[in-house]
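A short write-up of the structure that comes next.
The values are calculated or read from the model by the stated rules, or taken from the named source; none is laboratory data. A quick note: this is a predicted structure, and the numbers were derived from the prediction, not measured. Because the Cβ atoms are built from the backbone with ideal geometry, glycine has one as well, and the counts that use them run over all protein chains shown.
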Amino acid sequence: MKLYLKATVLILIVYASAGCVQRWQIASSPRSAPESSPVEPSAYPLGETLDSEDTENQLCLEETPPASYKSQTERGASKQPSAPVRQSKDTQQILDVALEFCQTSQDYWGQGDFENAIDALDQAYSLILSADTNESPKLIQQKEDIRFMICKRMLEIYASRYIVAAGNHDAIPMVMNRHIEKEIKLFQGPERKFFVRSYKRSGRYRSEIIKALEEAGLPKELSWLPLIESGFKVKALSRARALGLWQFIPSTGYKFGLKRDQWIDERMDVTKSTQAAIAYLKELHNIFGDWTTVLAGYNCGEAKVLRVIRDQNINYLDNFWDLFEKLPWETARYVPRFLAALFIINDPEKYGFDLNDLDPPQSYEKVTVSKHMRLKDIANTLGISHETLEELNPELRYKVTPPDTYELKVPKGKGALLIASLDEIPTWTPPERIYAYHRVRPGETLGLLAARYKTSVRAIADANHIKRRNYIRVGQRLKIPLRGKQQRYTSGKRVIASGKSKPTLYRVKRGDSLWLLARRYNTHIKEIMRLNNLKTTRLHIGQQLVISRGTSAAQAGVSTKMYRVKPGDSPYEIARSHNMTLKRFLRINDLTPRSKIYPGQVLAVEVR
């Protein structure tokens, strides 16, 4: 802050403090003070009889006071209410007048009259200091709301006076202190690789970000903010679930127009997330005024910073370094870390860096598509690598285009080819989730079931609404989601399916399940259900099924039967008694060397 600004702020603080002390002294003095004494008009308790001259002096402005206030002052003490009611009524009038001063200050600010705008806020602040709420929750809340409004308005006035009105938006203060020096040393030492790699990646996106910042009238130095936020990684995910180049959490992203659904998360879209970040930074700048406090608000949210400001002794003249020690450590460190990065980038040789190597900027054009397509299929059609297409469209969560309209980014010069080839690219159909059903046996856990069915504990728990994942009971019937790999692609009337082979007729035996049959014949549950027109996965003994063997079935020519485990059996003994290797026995039963078997359990063994 410049010297003259510091002097102005100091004068205002002294003036406001002196005025408050004087008002409190006068408010507590006897009512019979001589008329010649220099009594501030606002020291009179509202509701007492005042002559017209005193009333005008009390308002200190040319604005007309509220009608309710004027009529009360003119009526005098003709009909005096009881003391508590009168006190509450007087306090309410004081708060109403303070609110009127706030509105008057806003009007002066809009006209560019900053001095009168500040004076009006000082009057409002003096009034609420003299308001006795008498422990009334309603009045206490009103008083606090007005105090908070005054704090926020004063920040806005000083911000517009010294930044916006002067057109000096590049006012990120490049101060040097021990906190910034500490962050510079970290970048020079243990975080050097992170800094250099992040700087290198910035070449892909920074030209687009600078252009957007200049159009918005914001400092171009803010284009280095993603270096601190995400290291210029578009898929960076923090512990707080903040995602993307600008690290938006879902709620803040939604507030600033970033779409998030089953197929797209626009927090990873460089263009859209940059526009959202600019909108957020503008909003914060309107609240705080100085960019260091804005950056603190960007990191932890404006509510936390405003709460710290509100708890200061001087409510509306704080800057970031006044708040530094009272902010959360991660937020307090965030600003010096950003300033340290700016110092290094502005003079890399001074700090021992060679920052000449930058990735080339992205060059692309947009093509509007409106059907499900895999990026791999599109890339093959365009004759480019699918990694290139994925890098241009990181917001696609599953590397497929959504079913509705979507603007796909492709390398420059490939747009016309894509438009001409859209009908030839197969439409992608999402795989349907397949479920198996399992009756819990003694000793089984969700972890064992997840390993057996090649799924996850979380998937089983979610499918069965299990909140305590370490708790299942014997006899409980669980629905097990299976990871299906079969996907269908259609292009016109052509259907491409995986795993075709000559079908086999099979009669269902006790202990069979679709899952075991699919494993045995190296096929998929969905394929068995499709061939046999099954609506559910339930089977019955004697049922005949048409099963298509997988092309890589190693067990061709080898049949199996079901074996019921007896007391004392072990996987090794069962495998040896049926002339099988232990590995083969474990594989066809989806067991592991650590799996336990139990008497009565039905397992598959080979018949030679």
Scan region 214-243 residue by residue and report those that are touching a strand residue (DSSP E or B) at 6+ places or on another chain (Cβ under 8 Å) and assigned to a loop (DSSP other than H, G, I, E, B).
Lys235, Ala236, Ala242
I need the full set of residues from region 418-433 which are surrounded by fewer than 14 Cβ atoms within 10 Å (Cβ to Cβ) and either touching an Asp or Glu at 6+ places or on another chain (Cβ under 8 Å) or aliphatic (A, V, I, L, M) (or both), in order please.
Ile419, Ala420
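Please tell me if Phe194 is crowded, with 19+ Cβ neighbours inside 10 Å and in the same structural domain as Glu330 (by TED's automatic domain parsing). Quick ask: steps written out before the conclusion?
Working: crowded, with 19+ Cβ neighbours inside 10 Å: no; in the same structural domain as Glu330 (by TED's automatic domain parsing): yes.
No: the conditions fail for Phe194.
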Take the residues in region 244-268 that are assigned to a loop (DSSP other than H, G, I, E, B) and of a type in the set (D, E, K, R), then tell me which one is surrounded by the fewest Cβ atoms within 10 Å (Cβ to Cβ).
Asp261
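For region 352-369, state whether one or more residues are more than 30 Å from Glu390 (Cβ to Cβ) and surrounded by fewer than 15 Cβ atoms within 10 Å (Cβ to Cβ).
The answer is yes; a qualifying residue exists.
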I'd like to verify a number: residues in region 245-274 that are closer than 21 Å to Ile228 by Cβ, of a type in the set (S, T, N, Q) and either in contact with a Ser or Thr (Cβ under 9 Å, 6 or more places away or on another chain) or in contact (Cβ under 8 Å) with a residue 60 or more places away in the chain (or both), how many?
3
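State yes or no: is Asp347 more than 29 Å from the chain's Cα centre (by Cα), in the same structural domain as Arg260 (by TED's automatic domain parsing) and of a type in the set (D, E, K, R)?
Yes, satisfied.
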Pairs, first at pLDDT 80 or above in region 536-557, second among the β-branched types (Val, Ile, Thr) and part of a strand (DSSP E or B), C-beta under 9 Å, six or more apart:
Leu545/Thr504; Val546/Thr504; Ile547/Thr504
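Checking the condition of a type outside the set (D, E, K, R) and surrounded by 15 or more Cβ atoms within 10 Å (Cβ to Cβ), which residue from Ala303, Ala277 passes? I'd like the intermediate steps shown before the answer.
Values: Ala303 fails: surrounded by 15 or more Cβ atoms within 10 Å (Cβ to Cβ).
Answer to the check: Ala277.
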Residue check, Glu349 against (1) touching a helix residue (DSSP H, G or I) at 6+ places or on another chain (Cβ under 7 Å); (2) farther than 28 Å from Ser238 by Cα, all met but one. Which one?
(1)
